[in-house]
Amino acid sequence: MNSLHRLAALIVKEFTLILKDPKSRFVIIGPPLIQFFVFGYAAVYDVKHVRYAVLDQDRSALSRELLASLSSAESFERVAQLTSTTQIDRIIDHQKARLVIHVGPHFSRNLMNGEPALVQVIVDGRNSNVALIALGYIGDIVGGFNQALAGRMASGRSAPGLVSVERAWFNANLESQWFIVSGLGGLISMVVVMIITSLSVARERESGTFDQLLVAPFTPAEILIGKSLPGVLFGMLDALLFAAGAVLWFGVPFRGTIAALVASLACFIITIVGVGLLVSSLSRTMQQALLGSFVYIMPSVVLSGFTTPVANMPGWLQAGTLLNPLRHIVVALRRIFLQGADLPTVWPQIWPLLLMACVTLTTAAWLFRHRTQ
Amino acid sequence: MSPSKLFFMRMRGMLRKEMLQIRRDPSSIALAVVLPMALLFLFGYGVSLDAENVPVAVVMDDNGPPARDLMARFLGSRYFHFRQAACVSEAQQWLAEGQVDGIVHLQDNLTARLAQGRPAQVQAIINGVDANRARLIQGYFQGLLQTWQSQRMMQGDAVARPMVGLAPRIWFNEAAVSRNFLVPGLITLIMTLIGILLTALVIAREWERGTMEALLATPLRRFDLLLAKVLPYFILGMAGMGLSLVVAVTLFGVPLRGSIVALFGLSAVFMLASQGFGLLISAAIRVQFVAAQISIMAGFLPAFFLSGLLFDLESTPLPIQMASHIVPARYFVAISHTLFMAGDLWPVLLPNTIILAGMATFFMVMAYRKISKRLE
């Protein structure tokens, strides 16, 4: 039998192992798809429908105008009209509203006298991110109100001196869904690949067939290829499917090149297959393999910049994230989708992946033989 | 022998077996003790939404006193780290390469326009790939400009007259430190992990290895079996919670404004709900591989994405909000946010606790019935 023949037999065996069981077949296709849609919609930082209450002690035309400009903003939803300051505690404490806008009794008088009029905003800080973003929106609305006011009262009074003009590149409307969904394919395919490959050797060890595989006339390289291929194939399938889904379903722009996308995903998935096989050959039971891949997946997601920026981490940890394959693919995917990167531009993300793939795959192959004793 | 004595004998034997099993397979201990600690450190240090020292390029085409004054204020900010660029195109190249996250451009007519009492523009370009970060940077930037303007005005300089000003107060978290809301949420995640995954694996393992048949043949009743499977992992989970609490308060400085008794009591309810879910999975699916998959997909990931611990639920589309109501972690995230940051506010805690208790009962009863059915 020649090498190719042997290899083909091995590959058929590996695919059969995964595909023969309807439950594990479903696990490869069903949950990733569900996750993609649920997380595509759920994992967003945009702040919408902020429930707020109003306490207007001024009751003038000006205060009503300011509050009207707030209620027409689609991010906000007015739920209550308060009558006294004592109600503020209760409505925030009990989470009936997330912020209270309090216009004091001298609001319009101060404005007419040309003195600054303060509006108090009380925000529930239990989610500090929502609090800050909502305050930012209110700042924008008040800024617009000020400009409109300055235009009307221009005579004798100076308009705001400095006007900031802001633009966001690559994502003009600041859609956080683009940020999450562009990297989601990398994350989900990593989970699938880790589970397929980490179980592949451990399953055979547990049922005792791995020793048979080792005494069969296969070279370590052939076993490695046979064990890697299902993971690579299913991983690529999932990742490309989700890339298409990001563009076609979620409307994320695709500004880079297909070549860059395929090349970086392929390098990433081969690296993860290496990690999965490494975990697999280190574990004696399937349970250990699963726990092992989980121990790998969790920190790798947290330290990838997928949900929260790497730049906010302490310096030593930022340096550590360079060893995380997911970090590189998340950066590469975002650059390809949103910033229009091509193959040479994402090379700084690809070469670390290639390097890590070499290390993990060769170590795994070496462990196949040396862990059996 | 009396029935109660028999019951204790059976339980002692079964609990001893479970303890031995935990001790002999180090991966369970790793999951219950080492992983939560590792996660807590990872999240505590690795996850933060507070942007500090954001690298920003500044292009100064104007060198008049107001521009330099503005620049000095920028340099003193802890949010930004400024780098001077020679011209706009150089700054734009830095932005495209990811060396800076934003550009501030002071145009050459700034001083002149301000002197004439006309509005002058300060242009800011922000990298919008990370939309949330971009929004926060925008907010910081506007805040800086506003402070500068009001200071100039106080000095009698009529460059600006802010008409309506904002006096924001962020309750429960004055400095808006994201760690204060992320770490309590993380404790939820750790408890979900121990409760669902570990519990799901233990029964599926008995089926897979064929030892379940042997267990069912012993005088052990179904109730005993369930109790013996729940108790050891309940203790592990609560120990993990206690450990996380100590680290959260001492190392990360997260406030605990509610009472410890309430925290432990409500955590126990949540732990039982998670364990009930894990038991149900393992009773229904007898294969470890699939049981673990389902506990990660249906237990752990929703606890991360659909619980409000990082992403705000109220901002998601309605179907997602509805789906989140069947995730036990959602209720405990609300409980732990309130307990840690606000205090013992029973009008918030009670409804969430009642739902969790209902879920715990439902899952346990379902698991019990699932096991008993297979016997007949």
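The values are calculated or read from the model by the stated rules, or taken from the named source; none is laboratory data. Being a predicted model, the structure only gives us computed values, none of them experimental. All Cβ positions, glycine included, derive from the backbone under ideal geometry; neighbour counts span all protein chains shown. Heavy atoms of the whole protein, side chains included, go into the accessibility calculation; ligands, DNA and RNA do not. Shrake-Rupley method; radii C 1.70, N 1.55, O 1.52, S 1.80 Å.
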Under a 10 Å cutoff between Cα atoms, tell me which one of B:Pro219, B:Pro168, B:Pro351 has the largest fluctuation in the Gaussian network model of chain B.
B:Pro168
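Among the trypsin sites (Lys or Arg not before Pro) in segment B:254-349, which ones are in a DSSP loop with at most 14 other Cβ atoms within 10 Å of the Cβ? Mind listing them?
Working: sites: B:Arg257, B:Arg286, B:Arg330; in loops: B:Arg257, B:Arg286.
Passing both the DSSP loop test and the Cβ count: B:Arg257.
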Please identify, among A:Val346, A:Val142, A:Val201, the residue showing maximal mean-square fluctuation in a Gaussian network model of chain A using a 10 angstrom Cα cutoff.
A:Val142
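With a 1.4 Å probe and every protein chain left in place, work out the accessible area per residue of chain B in Å², rounded to a whole number.
On the way: 15020 Å² over 376 residues.
On a per-residue basis, 40 Å².
Once the other residues with Cβ under 11 Å from the Cβ of A:Arg64 are scored (Lys, Arg +1; Asp, Glu -1), what is the net sum? Each step should come with its number before you reach the end.
On the way: positive: A:Arg59; negative: A:Asp56, A:Asp58, A:Glu65.
With Lys, Arg at +1 and Asp, Glu at -1, the net is -2.
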Would you mind checking the tilt of helix A:128-152 against the longest principal axis of the Cα atoms of chain A, expressed as 0 to 90 degrees and rounded to 10?
40 degrees
Can you give the local net charge around A:Arg98? Use residues other than it whose beta-carbon is closer than 10 angstrom to its beta-carbon, Lys and Arg +1, Asp and Glu -1.
-1
Amide H contacts under 5 Å for B:Gly343, placed H, 5+ residues apart:
B:Arg257, B:Gly258
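Could you report the buried accessible area between A and B, both sides summed, computed with a 1.4 Å probe and given in Å² to the nearest 100? Intermediate values should be presented prior to the final figure.
Details: alone 19740 and 19800 Å², together 30000 Å².
For chain A against chain B, roughly 9500 Å² becomes buried.
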Per residue of segment B:346-351, what does 6.51 cos²θ - 1.76 cosθ + 1.60 with θ = phi - 60° give for ³J(HN,Hα)? Whole Hz please, x for Gly and Pro, Karplus curve as stated.
4, x, 8, 5, 4, x
Nearest-ten-degree value, helix A:61-71 long axis tilted from longest Cα axis of chain A:
10 degrees
Rounded to whole Hz and in sequence order, give me ³J(HN,Hα) for segment A:187-203 from the Karplus expression 6.51 cos²θ - 1.76 cosθ + 1.60, θ = phi - 60°, writing x for Gly and Pro.
5, 5, 5, 4, 4, 4, 5, 4, 6, 4, 6, 5, 7, 4, 7, 4, 4
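Mind ranking B:Leu75, B:Leu339 by accessible surface for me, highest first, 1.4 Å probe? Can you show the working numbers first?
On the way: B:Leu75 110, B:Leu339 0 Å².
Putting B:Leu75, B:Leu339 in descending order of accessible area: B:Leu75, B:Leu339.
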GNM top mover of A:Met190, A:Met112, A:Met356 - chain A, alpha-carbon springs below 10 Å:
A:Met112
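Tell me the net charge near A:Phe254. Cut-off is 13 Å between Cβ atoms, A:Phe254 excluded, with +1 for each Lys or Arg and -1 for each Asp or Glu.
Details: positive: A:Arg255, A:Arg334, A:Arg335; negative: A:Asp342.
Neighbourhood net charge equals +2.
Carbon and sulfur atoms: what percent of the 1.4 Å accessible area of chain A do they account for?
Values: 9790 of 14970 Å².
Exposed carbon and sulfur together represent 65 percent of the surface.
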Amide H to amide H, which residues 5 or more places from B:Leu166 or on other chains are under 5 Å from it, using H placed in the peptide plane?
A:Val119
Explain nothing, just the number: relative contact order of chain A, from Cα pairs under 8 Å at least 6 residues apart, as a whole percent.
18 percent
Phi to ³J(HN,Hα) by Karplus 6.51 cos²θ - 1.76 cosθ + 1.60 over segment A:254-266, Hz, x for Gly, Pro
10, 9, x, 10, 4, 4, 5, 5, 5, 5, 6, 5, 4
Non-local amide H neighbours of B:Asp50 (under 5 Å, H modeled in plane, Pro and chain starts lacking H): which ones?
B:Ser178
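For B:Trp148, A:Trp351, B:Trp94, write out the residues from largest to smallest accessible area, computed with a 1.4 angstrom probe and no ligands counted. Intermediate results must be reported in sequence, preceding the final value.
Working: B:Trp148 5, A:Trp351 130, B:Trp94 30 Å².
I get A:Trp351, B:Trp94, B:Trp148, largest accessible area first.
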Can you tell me the orientation of helix B:3-24 relative to chain B, as the angle in degrees between its alpha-carbon axis and the longest Cα principal axis, to the nearest 10?
50 degrees
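Would you mind getting the accessible area per residue of segment A:50-152, heavy atoms of the protein chains only, 1.4 Å probe, in Å²? Please report the intermediate quantities before stating the final value.
Working: 4360 Å² over 103 residues.
Accessible area per residue: 42 Å².
Below 8 Å between Cα atoms, with a sequence gap of 6+, how large is the relative contact order for segment B:209-364 in percent?
Here the relative contact order equals 32 percent.
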Evaluate peptide B:313-326: per residue, the Cβ atoms of other protein chains within 10 Å of its Cβ; return the mean as an integer.
4
Loop-only check: which trypsin sites (Lys or Arg not before Pro) in segment B:47-94 are DSSP coil with at most 16 other Cβ within 10 angstrom?
B:Arg78
Counting only protein heavy atoms and a 1.4 Å probe, tell me what percentage of chain B's accessible area is made up of carbon and sulfur.
62 percent
Counting only protein heavy atoms, probe 1.4 Å: which residues of segment A:323-341 lose 50 Å² or more of accessible surface in the full assembly compared with their chain by itself?
none
Among the residues of segment B:133-149, which ones have their accessible area go down by 20 Å² or more when all the protein chains sit together, as opposed to their chain alone (1.4 Å probe)?
B:Arg133, B:Arg135, B:Leu136, B:Gln138, B:Gln142, B:Leu145, B:Gln149
